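The values are calculated or read from the model by the stated rules, or taken from the named source; none is laboratory data. Here the structure is a predicted model, which means the values were calculated and not measured. Note that we place each Cβ from the backbone using ideal geometry, even for glycine, and neighbour counts take in every protein chain shown. Each accessible area value is taken on the protein alone, full model and side chains, heavy atoms only, with ligands, DNA and RNA left out. Shrake-Rupley method; radii C 1.70, N 1.55, O 1.52, S 1.80 Å.
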Amino acid sequence: MSSKLDTVFAALADPTRRSILTMLLEDDMAVTDVAEPFEMSLAAISKHLGVLTSAGLITQEKRGRVKWCKLEPNALKEASVWMQGFGMMEGLDLDAFERFLDAELSVEED
């Protein structure tokens, strides 16, 4: 796994950061607006935003005197592609397999 992918998964491991990403799905937000629903200091939120920025999941830009956060739409693409590889490993439906065997065995007996 690439170090970029490791950084993305490490950033996603924290529930506060996942909540921030969910909030940014709606629209760009000022840092103060991002911090509002959380019971933590602005400095703590800034650290979370720094982790998300380092992972490439968001960008931050200053517009006038306000710092804005924006979700990067393609940031999760590599992680998504990696996770889709596990989609091929579907669980085995044992009931369906048993019905298949019963049908096959009854055909052989005829």
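Structure values in brief
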quantity	calculated
Elements of type helices (runs of 4 or more DSSP H) contained in segment 16-110, each with 3 or more residues being at pLDDT 95 or above and touching a helix residue (DSSP H, G or I) at 6+ places or on another chain (Cβ under 7 Å)	31-35, 42-54
Qualifying residues in segment 10-29 (those that are under 15 Å from Glu72 (Cα atoms) and among the hydrophobic types (A, V, I, L, M, F, W, C)) - the one surrounded by the fewest Cβ atoms within 10 Å (Cβ to Cβ)	Leu25
The one condition in (1) touching a residue at least 24 places away in the same chain (Cβ under 8 Å); (2) in contact with a strand residue (DSSP E or B) (Cβ under 6 Å, 6 or more places away or on another chain); (3) open to solvent by less than 70 Å² (accessible area, probe 1.4 Å); (4) within 26 Å of Asp6 (Cα to Cα) that Val51 fails to fulfil	(2)
